[in-house]
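See below for the structure under consideration.
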Amino acid sequence: MKNIVITGAAKGIGKACVNYFLNNGDNVIALDIDKTALSELSLENAQLSMFNCDVSNSKNVKETIQKAIESVGEIDVLINNAGIQRYSTITETTEEEWDLVMNVNLKSAFLCAKYTIPSMLKKGKGVVVNVSSVQAFITQQKVAPYTTSKTAMLGLTRSIAVDYAPNIRCVAVCPGTVDTPMLRNAIKESDNPEKVYQECIDMHLTKRICPPEEVAALIGFLASDNAGSITGQSFRVDGGLGIHIGGN
Ligand code: NAD
């Protein structure tokens, strides 16, 4: 049984990870900024502890990780999953929006790693999984801050892998289009939701939108001892979108 910290755990891919690791018999420490969604997660499961935490806030992260360690013990696995999407070019992006995307998508991963890695080192072993995006490999229009943050996640992944080897492994997972509230909200706000949904399906070689459970299953494998020789790499779960549009 491992102690697994999951950020952005109340919805979408994070929630699928919560279910995956609970089913695996692990202790899950769920962090999310959305208190209501977090409370709806509660499965009356003694192995689930929930913390209302803004993972882009240093003080919040430090205190939450300390509390989690006091309650369940040292951390084995960190899944940096929290993220937000914004649709803008550089000239359309305000400085505040830029900072927000960088803080939630990238700084949060730095902060959570900073405060959980010492705990993993005490155990002598640990895994960090960073949820990036296929948009670290392809670049669609009007996603400049998001693409930048997700590409930087790959550099962070390699740096953690190199600096903390051999004790700690660090990998990145890069989803294509996944059926989560993030996607549903983006589609709802578009001019023609039905058309946009169909375009999302058509972009993928697999002609389907990925269920969040399939991303959780990949994360689960990468976090497991069966992936003991895998570190520093990124793995796409993108229905072929990357090779289709990006060409490699
Ligand atoms: P989602 O919006 O459905 O869920 C994200 C969760 O993160 C929410 O519960 C939200 O409350 C939480 N969150 C947001 N800001 C936070 C903060 N500051 N502190 C703590 N929690 C915070 O998103 P999702 O689709 O499940 O995405 C999860 C990750 O996967 C994100 O990093 C996203 O960029 C990435 N991703 C998603 C897709 C997709 O198509 N859905 C594709 C590629 C990558």
Quiz prompt | Within-9-Å neighbourhood charge of Met120 [Cβ basis; K, R +1; D, E -1] | solution = +1
Exercise. Could you grab the relative contact order for the chain? Cα pairs under 8 Å, six or more apart, rounded to a whole percent.
Key: 20
Quiz item: When the chain is fully extended, how far beyond the present Cα-Cα distance does Val162 get from Glu63, taking 0.36 nm per residue of separation?
Solution: 32.9 nm
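Around Gly239, with a cut-off of 15 angstrom between Cβ atoms, what is the net charge of the other residues, counting Lys and Arg +1 and Asp and Glu -1?
Computed value for this residue: -3.
Ignoring everything except DSSP H segments at least 4 long, calculate the 222 nm mean residue ellipticity for the chain; use -39,500 (n - 2.57) per segment, divide by total residues, nearest 500.
-14000 deg cm²/dmol
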Quiz item: In whole percent, what relative contact order does segment 1-132 give with Cα contacts below 8 Å and a gap of six or more residues?
Solution: 27
Quiz item: Of the listed peptides 234-241, 179-186, what is their order by residue-averaged count of other C-beta atoms within 10 Å, with the highest listed first?
Solution: 234-241, 179-186
Quiz item: Where does the charge balance sit around Ser42 when Lys and Arg score +1, Asp and Glu -1, over other residues with C-beta under 15 Å from its C-beta?
Solution: -1
Quiz item: Relative to the present Cα-Cα distance, how much length would full extension add between Glu213 and Ser39 at 0.36 nm per residue of separation?
Solution: 60.6 nm
Quiz item: Counting only complete DSSP H runs, which helices of the chain cover 18 Å or more along their long axis at the Cα atoms and score a mean Kyte-Doolittle of -1.0 or above?
Solution: 58-72, 108-123, 144-164
Exercise. Could you tell me the distance between the Cα centroids of segment 102-170 and segment 185-248, to the nearest Å?
Key: 18
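Read the figures in this text as sums done on the coordinates, not as results from a lab. Just so it is clear, the structure is predicted and the values come from calculations on it, not from any experiment. Quick reminder, even Gly has a Cβ in these numbers, built from the backbone with ideal geometry, and neighbours come from all protein chains shown.
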